[in-house]
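In what follows, a single structure is set out as structure tokens and then discussed.
Please treat every number below as a calculation from the coordinates, not as lab data. As the structure is a prediction and not an experimental result, all values here were calculated from the model. All Cβ positions, even for glycine, are placed from backbone atoms using ideal geometry, and neighbour counts span all protein chains on display.
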Amino acid sequence: MKILITAGPTREYIDPVRFISNPATGTLGYFIAKKAKEEGHSVVIVSGPCDMPELKGVERIQIESALQMKHEVEKMFPEMDVLVMTAAVSDWRPAKKFPEKLKLKKSWTLKLVPNPDILKSVSKKKKKEQIIVGFALESNNVLENAKRKLVDKKLDILVANTVENFGKFPGRGEIFVLYSDGRIKNCTGFSKKVLASFLLKEIEQFQQRKLR
Ligand code: CTP
């Protein structure tokens, strides 16, 4: 399969040296990419800024902002069999990027505007045989919110986990994998490595079912 994976955080610049971001490490996306490459798939990773080293045999496209990620994903998606969106895309960006370093010594208000939802826009162009895997991080009502996102974003597989896992995955929070056919698998306690292998296997099985 041709698999496109997004990973890491995005950076939304306020001025040339300051940005809004999040602490995503890119680890899970890179683990999935590594495993997929080992299994003989063709893998492209669109990566936000993170410390993960380049993977042998995996094409890596480095981006910073959500808009750059959207551009790369939309360009490549038509050629892909699978899209796995592990990236922690910033939901907002500053309304404008100041061209010079800001030198404000007083309180000021930064206006943010919403970023486009990459998954949602890509899934509108999804062909029947393509597979899209999304992620969701929830503070509460995990399953309820996850089921809604699965349908809203027309996903085949959604990995939902709770903020208790944030920064120390797996933490005390729950991890569920939801499928478009209604199945739900409780993966609480899975390490990122185990989850990466599990997801790849699930994607391969999903693909076989679609081809039947
Ligand atoms: N995502 C995306 N584009 C965005 C934001 C998120 O494609 N602008 C993707 C992420 O890569 C992830 C999924 O959407 O696979 C879910 O992200 P999450 O932040 O949990 O959900 P949202 O849909 O942004 O909803 P909310 O923040 O309101 O919970």
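Among ILE32, ALA196, ILE5, whose Cα lies farthest out toward the positive end of the dipole of the chain, if unit charges sit on the beta carbon of Lys, Arg (+1) and Asp, Glu (-1)?
ILE5
To the nearest 20 Debye, how big is the dipole of region 133-180 about its Cα centre, given +1 on the beta carbon of each Lys and Arg and -1 on that of each Asp and Glu?
Using Cβ point charges on Lys, Arg, Asp and Glu, region 133-180 gives about 80 debye.
Suppose every K and R has +1 on its Cβ and every D and E has -1 on its Cβ; what is the size of the dipole of the chain about the Cα centre, in Debye to the nearest 20?
400
Work out how much length GLU204 to GLN62 would gain on full extension: take 0.36 nm times their residue separation and subtract the Cα-Cα distance, in nm to one decimal.
48.5 nm
Under the Karplus relation 6.51 cos²θ - 1.76 cosθ + 1.60, θ = phi - 60°, what is the ordered set of whole-Hz ³J(HN,Hα) values for region 114-119, x standing for Gly and Pro?
x, 7, x, 7, 4, 4
Per the helix-only calculation at 222 nm, which mean residue ellipticity applies to the chain, given -39500 (n - 2.57) for every DSSP H run of n ≥ 4 and division by its residues, nearest 500 deg cm²/dmol?
-9000 deg cm²/dmol
Please list, by residue number, every one of the trypsin sites (Lys or Arg not before Pro) in region 9-91 that is coil in DSSP and has at most 16 other beta-carbon atoms within 10 Å.
LYS56
Rounding to the nearest 20 debye, state how big the charge dipole of region 47-125 is about its Cα centre with +1 on each Lys and Arg Cβ and -1 on each Asp and Glu Cβ.
720
Under DSSP H, which helices of the chain have Cα atoms covering 20 Å or more of the helix axis and a Kyte-Doolittle average no less than -1.0?
Span-like helices, by this rule, are 192-211.
May I ask you to list the residues of region 153-184 whose amide nitrogen lies under 18 Å from a point 7 Å from Cα along the Cα→beta-carbon direction of GLU74?
153-154
Over the chain, what is the percentage of antiparallel beta bridges among all DSSP beta bridges, to the nearest 5?
That works out to approximately 35 percent antiparallel.
Take the Cβ-Cβ distance between SER180 and LYS111 as r, set R0 to 25 Å, and report the resulting FRET efficiency rounded to the nearest 0.05.
Efficiency, from the Cβ-Cβ distance: 0.10.
Relative contact order for the chain: what is it in percent, counting Cα pairs under 8 Å that are at least 6 residues apart?
RCO, the chain: 19 percent.
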